[in-house]
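Here is the structure we will look at, set down as structure tokens.
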Amino acid sequence: MPHGTLKTRRSICWLIAAAASVAVGCDGNGPRNGRAIAPPDACPSVVRTDPPELPDPVPTKFSLGIFHYNLQYVAGAGEANEDLIITEAIAPIVELFERHPNWGINLEMQGLAVEAIAARHPDLLARLRALVESGQIDLTSVHYSDQLFIAFPRVSMERSWEIQEEVFAASGLRAAPAIFAQEGQWAEGILPFLAERCLGTMVLARNQYRWQYGEPAQQPWFERDGYPVVVGPGNIGPGHPSGIELDWSELDDGEILPTGGFNPYFEPLFRRNDASIAAYEAELQDLEDRGFWVTTITKYVAALKALGVEPSPLPLVTDGTWQPQSTFGTSRWLGGAGLLFFLERDNAVRTANYRSRNALVAAETAVAAAERAGHSMDAARESIRQGWRDQVLGEVSDASGINPIPVEWDYGLAHAAEAERLAQSAIDDAKARLGIAEARIDTRAGTVVPAPAEPIERFTPTGAPLDVTVDAPGRPLTVRWFTVDGAPNTYELRVELGAATGLVNPVTVGFPRSGTTLAYSPALLEDRVQEIDLTAFAYGENWLALANGLIGIGDDWWVIKDASSVHVVAHYGLDRPQVSFEDQVANERDPVTWRFRVLRGDAAAALAAATRLNTWPTLDR
């Protein structure tokens, strides 16, 4: 099967569719402090943990595939579009593997898809459940929504998984321990997150490895901190020292192959294509005839272990997605221009998501305080639960990438607004029970007190401590610096932008960088700073989401974007004199202000500042 063409196909489709409508200073290139990731004492009941059955003798030739489905492919298009994905793309693949009970495959889908299948397609649910329980299908699923998890603190993924557990328990389905995430997202922090839930193997997109280290030496599997990782797609031919042969039949959007190359943007044409399905079936039959075991990733890894094939060490791979060459790292979801650049609202969507997330963690804090005071808060808890559902739906990757159309970014904004409304409702309930008119909520300390008259922070105007450049053509612009009272060597930079006057008026804020080290907090590990030797990487530049906003720029200087006001990528590289924050699609018709915290100090001080500003803020509500 051809690979590497997915994003090109999707870009063309989007264009036509639019026209129609805390560990500090660890060695980043080795295991974290040499510690292996340990599984929990008890595993979730919705995860398959029973040992897979293997043939005797154990095969040495394998065919693997992942159909990566996304019910939010056209986020906001509604149930009719979702049902087409289920009936025209998921059901035909289920039927195919029902015809071949000796074959296996991985079907990746979010919990929302399982929920929709259970509610509206119960016959398909029963058939899918049978294939999952037989071990023929690995149901690969780690989040309720196909969210851009590398852009937000870990709590969003934790709440997403909790909703996911409820959905799987209600449907009678069990998730496979082998995981591939939306957009092929990878972060160092995903490994302990999965291990805590007995999810036993992560699939890393080969393009992501290639982007950072060059063409990978083909190995059957890898290991990072004791955690199994399979890099795919990538075939292994005869004669490999391990004795393993491997063929990847598929790793792509699952909607494409069953419909002959169409996707859900083309609703009238998005129908099952029997010729395409038959060709894939013939390909798998040929592989089986040549001695390949057409199987799941879970069984493949179990077979490698049974055969005594040792995993190769996986070097550190920074946060990213599966096609970094064409999406410029994570840029296309956080400020990078796509084909429909004049329609995008990346920063508006992602800052709204971040603000609603902050409101929800504040609501959890306030409600917990009311409960400690002896009040029953069941209604507020339900508001928070519903709010988190809206939150993770709003964080869906398609709301800002790779070429979002208005219905998609509106989906992200609408769910963020509803999440914030529900959070505020819970906060208001808690304040009424506590007898507080205006509350100061410290989400890290877990305290709720009457808000004093003085602001949370005080600022004093000052001169620029660094030579920072701001490029915002076609906009009124004011750049102001402040010291943060009571915080030594800490500054706030405010970039005050007037309304855009053209289709787009790009904005770039560049901070001087020095040295050969990148320091940041990997997604899902915002309690630590990881230091990485940039000379180890093959790429000349990269783009990071920065879930907690923090990046080191050298000489003990740190920059923290206030993700409630600016949530675009940080663009860096060994040969680049600056770390720049870039919004190529900025088109706000109202004035906006980007805020950055800039400080000089050690990594612990920088991490504490990022935690206070972004991960666990203090809010007046």
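The values are calculated or read from the model by the stated rules, or taken from the named source; none is laboratory data. Quick caveat: nothing in here was measured; it's all calculated off a predicted structure. Note that each Cβ is placed from the backbone with ideal geometry, even for glycine, and that neighbours are counted across all protein chains shown.
Does Ala302 satisfy being within 30 Å of Glu588 (Cβ to Cβ) and surrounded by fewer than 24 Cβ atoms within 10 Å (Cβ to Cβ)?
It is false that Ala302 is within 30 Å of Glu588 (Cβ to Cβ) and surrounded by fewer than 24 Cβ atoms within 10 Å (Cβ to Cβ).
Condition first: aliphatic (A, V, I, L, M) and either at positive phi or assigned to a loop (DSSP other than H, G, I, E, B) (or both). Now tell me which residues in the range 310-349 satisfy that.
Of everything in the range 310-349, those that are aliphatic (A, V, I, L, M) and either at positive phi or assigned to a loop (DSSP other than H, G, I, E, B) (or both) turn out to be Leu314, Leu316, Val317, Leu334, Ala337, Leu339, Leu340.
Given the condition more than 17 Å from Val301 (Cβ to Cβ), among the aliphatic types (A, V, I, L, M), modelled with pLDDT under 95 and assigned by TED's automatic domain parsing to the domain that holds Thr295, answer yes or no: does some residue in the range 215-227 qualify?
Among the residues of the range 215-227, at least one is more than 17 Å from Val301 (Cβ to Cβ), among the aliphatic types (A, V, I, L, M), modelled with pLDDT under 95 and assigned by TED's automatic domain parsing to the domain that holds Thr295, which makes the answer yes.
Of the residues Ala523, Ala500, which single one is closer than 26 Å to Ala181 by Cα and in a loop (DSSP other than H, G, I, E, B)?
Values: Ala500 fails: closer than 26 Å to Ala181 by Cα.
One residue alone meets the criteria, Ala523.
Go through the range 80-131 and give me each residue that's touching a strand residue (DSSP E or B) at 6+ places or on another chain (Cβ under 7 Å) and part of a loop (DSSP other than H, G, I, E, B).
Selection gives Trp103, Gly104.
Scan the range 478-498 for residues that are under 15 Å from Phe581 (Cβ atoms) and either aliphatic (A, V, I, L, M) or loosely packed, with under 14 Cβ neighbours inside 10 Å (or both) and jot them down.
Within the range 478-498, Val479, Leu493, Val495, Leu497 meet the criteria.
Per-residue answers, yes or no, for (1) among the acidic types (Asp, Glu); (2) farther than 26 Å from Trp103 by Cα:
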| residue | (1), (2) |
| --- | --- |
| Leu128 | no, no |
| Phe152 | no, yes |
| Val155 | no, yes |
| Glu162 | yes, yes |
| Ala170 | no, yes |
| Gln185 | no, yes |
| Val203 | no, no |
| Asn207 | no, yes |
| Pro220 | no, no |
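I'd like to know if the range 583-594 contains one or more residues that are touching a Lys or Arg at 6+ places or on another chain (Cβ under 6 Å) and not in a loop (DSSP other than H, G, I, E, B).
Yes, the range 583-594 has at least one match.
Taking Thr460 and the conditions (1) more than 32 Å from the chain's Cα centre (by Cα); (2) surrounded by 13 or more Cβ atoms within 10 Å (Cβ to Cβ), which numbered condition does it fall short on, given that it satisfies the others?
Every listed condition holds for Thr460 apart from (2).
Mind listing whichever residues of the range 557-582 are closer than 21 Å to Ser400 by Cβ, in a loop (DSSP other than H, G, I, E, B) and charged (D, E, K, R)?
Within the range 557-582, just Asp562 meets the criteria.
Using the structure shown, decide if Leu544 is at pLDDT 95 or above and of a type outside the set (Phe, Trp, Tyr).
On the way: at pLDDT 95 or above: yes; of a type outside the set (Phe, Trp, Tyr): yes.
In short, yes.
Can you tell me how many residues in the range 160-183 are farther than 23 Å from Ala130 by Cβ and touching a Leu at 6+ places or on another chain (Cβ under 8 Å)?
Count: 2.
Check whether at least one residue in the range 359-369 is assigned by TED's automatic domain parsing to the domain that holds Ile427, in a helix (DSSP H, G or I) and under 26 Å from Arg589 (Cβ atoms), and report yes or no.
The answer is yes, given that some residue of the range 359-369 is assigned by TED's automatic domain parsing to the domain that holds Ile427, in a helix (DSSP H, G or I) and under 26 Å from Arg589 (Cβ atoms).
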